[in-house]
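For reference, the structure is listed below as structure tokens.
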Amino acid sequence: MRQKITRFLSLAGVALIAACSPKQQYLNTRHQAVNLTISDTIPADTGMVRFLSPYKQKMDSNMNQVIGYSDVSLTKALPECNMGNFAADAQLDAARKLQDGVEVSVVNYGGLRIPFIPKGAITKGRIYELMPFDNMVTILEVPGQVLLQFCNHMAKRKGWPVSGMAYVIRNGQAEQVLVQGKPVNPHLVYKVAVSDYIANGGDDCDFLKSCKKYPSSVFLRDALMDKVRSGALKGNTIYQDLQNRVRNAE
């Protein structure tokens, strides 16, 4: 018994010494960056091409579906553009189907991911290029004072697309802010449609996080496709010219 106890204590001592010994350090002593150019000079992996082919065909068939036509080209620009007006209108339409009383729609300029959509047929894939994110339409209850702060935030970024609202940018501040043609009342609460990304403080919109939110399961991308399918860009002159929703002071 004494030998067993002595052997146990000896092993425990070894384990204790091992546990207390400093761990070996591994340091990166040299680093070299190399640029690798991928081009069509590199032969394709035929096995991988065959493997992906049925998935690609299915994806192309889905994305190449024509969902509508446009009589005008849609262009992204600041402080106002017909692409932004169209997107903001589409979001407002979707929000009003969810709730009554929604007066304003705001789309962050950076959320529009392509600069141009030519007139003619518009495919499903083109809308995915324009709005690749899974952002959901969200309705906020925004006090008038916070709405004015929101407009100043947009003005500092040289203007964001809006619907149901208009403002003038002067020295990075919003002036002459109108909602449905009337000056904003700081004491009223307005229902504003935005993406869930903005509602949760994205793009430095932390001041909106305290507003009451009504989330939805409607993708902003789907709202855009519904607007195209409705024929809003076909035989409709509303998007041929700018509407002075957002403009720089003279």
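Just to be sure I understand, how many residues within the range 209-219 are out of contact with any helix residue (DSSP H, G or I) (no Cβ under 6 Å at 6 or more places or on another chain) and closer than 21 Å to D100 by Cα? Spell out the reasoning first.
Kept after step one, since they are out of contact with any helix residue (DSSP H, G or I) (no Cβ under 6 Å at 6 or more places or on another chain), are these residues of the range 209-219: 209-212, 214-215, 217, 219.
When the remaining residues are screened for being closer than 21 Å to D100 by Cα, the result is 211-212, 214-215, 217, 219.
Within the range 209-219, residues that are out of contact with any helix residue (DSSP H, G or I) (no Cβ under 6 Å at 6 or more places or on another chain) and closer than 21 Å to D100 by Cα number 6.
Taking the range 166-189, which residues are open to solvent by 10 Å² or more (accessible area, probe 1.4 Å) and either in contact with a Ser or Thr (Cβ under 6 Å, 6 or more places away or on another chain) or of a type in the set (A, V, I, L, M, F, W, C) (or both)? Before you say what the answer is, go through the steps one by one.
Within the range 166-189, the first condition is being open to solvent by 10 Å² or more (accessible area, probe 1.4 Å), and the residues that meet it are 166, 169-178, 180-189.
Within the range 166-189, A166, I169, A174, V177, L178, V184, L188, V189 qualify.
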Condition (residue is open to solvent by less than 100 Å² (accessible area, probe 1.4 Å), in a helix (DSSP H, G or I) and of a type outside the set (A, V, I, L, M)) applied to the range 38-49: is it met by at least one residue? yes
When the range 82-104 is examined, which residues are found to be in contact with a strand residue (DSSP E or B) (Cβ under 6 Å, 6 or more places away or on another chain) and among the aliphatic types (A, V, I, L, M)? M83, A88, L92, A94, A95, V102, V104
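The values are calculated or read from the model by the stated rules, or taken from the named source; none is laboratory data. Not measured: the values here are computed from a predicted model. Note that we place each Cβ from the backbone using ideal geometry, even for glycine, and neighbour counts take in every protein chain shown. Surface areas here come from the heavy atoms of the whole protein model, side chains and all, with no ligands, DNA or RNA. Shrake-Rupley method; radii C 1.70, N 1.55, O 1.52, S 1.80 Å.
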